[in-house]
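Values quoted throughout were computed directly from the atomic coordinates according to the rules given, and no laboratory measurement underlies them. Computed from a predicted model, the values in this text were never measured in an experiment. Cβ coordinates were reconstructed from backbone atoms using ideal geometry, including for glycine residues, and neighbour counts include every protein chain displayed.
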Amino acid sequence: MGDSARDLELMRRFQAGDADAFTQLYERHLRGLLNFFFRLCWDASMSEDFAQEVLLRVYKSARNWEPNAKFTTFLYRIARNHWIDHCRLLSTQKEKVSLNADAAGEGELSLIDRLPDDIKPPEDDLDRRELYGAIMKALEQLPEEQRMVFVLSEIEEMKYQEIAEVMDVPVGTIKSRMHTAIAKLQELLGDYKPISA
C-alpha cells in the first residue's frame, strides 16, 4: 500500500472512531512537519510547537475532512496557513530573528545555536559552522513564498503539483518561484568562501 493510500485509510479509520489510527498518522508526519517549520524559523522549540498545533488542527477538523486531495496536501495546507498567521503576528509585533551571534541580543540565541543538537556543527568545526550559517542566512533572505516552495520541494520532496495544491496557486507559479529561489540562493552563496580557504 502506497503512502497516500495508507494515509487515506488511517484518516478514514480515525473518522470512524479509531484513535490509534490518528496516532499512526501523527507518527508518520511529525518529522516532516518539524523539518518544514524548522527550515522556515530555524528554531527547534518553535518548530515543535507549530507541528503540534498543526496536528491538533488536523485532529479537530478530521470529522469534516473529505479526501479531495492527498492527505499531505491537506496537512501542509494547514501548516502553511499556520505559518502565515504566525508571520502576520510577527509583523505586527516588529520582531526579527538574529542572523548571527554578534547581532544576537542579550539572552538571544544565534541561528546556529538554535539548530537541533543532532545537526548542529561542533564548536571547533568553524568551516562547517560558517557554511551552515551562510546557507541559513541565504534562506532567510528569500521572500516567504519562495522559501516555502524551496522547503516543500527540496526538504519535503513534494512534487510541484502537490505544492501548487498546498499553496493554492498554479503549477507555473510554483515553477517560477522555485527557479527564482534557486537563482537567488546561487547569487547569495556564489561569493561564499570558507574562513580556511
Which net charge results when you count Lys and Arg as +1 and Asp and Glu as -1 among the other residues whose beta-carbon is under 13 Å from that of Ala183? +2
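If I take R0 = 41 Å and measure r between the Cβ atoms of Tyr59 and Glu187 in this structure, what FRET efficiency does the formula 1/(1 + (r/R0)^6) give, to the nearest 0.05?
Numbers: r = 42 Å, r/R0 = 1.02.
Calculated value: 0.45.
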Quick one: dipole size for the range 1-95, taken about the Cα centre, charges +1 on Lys/Arg Cβ and -1 on Asp/Glu Cβ, in debye to the nearest 20. 300
Along the charge dipole of the range 1-95, pointing to its positive end and built from +1/-1 on Cβ of Lys, Arg, Asp and Glu, which listed residue (Trp42, Leu30, Gln15) has its Cα farthest out? Gln15
In whole µm²/s, the translational diffusion coefficient that Stokes-Einstein assigns to the range 4-80, given a Kirkwood hydrodynamic radius over C-alpha pairs, 20 °C and 1.002 mPa s, equals 170
Tell me the relative contact order for the range 1-95 as a rounded percent, counting alpha carbon contacts under 8 Å between residues six or more apart. 27
Taking the simple approach of a point 7 Å from Cα along Cα-to-Cβ for both Glu140 and Leu90, what is their distance in nm? 1.0
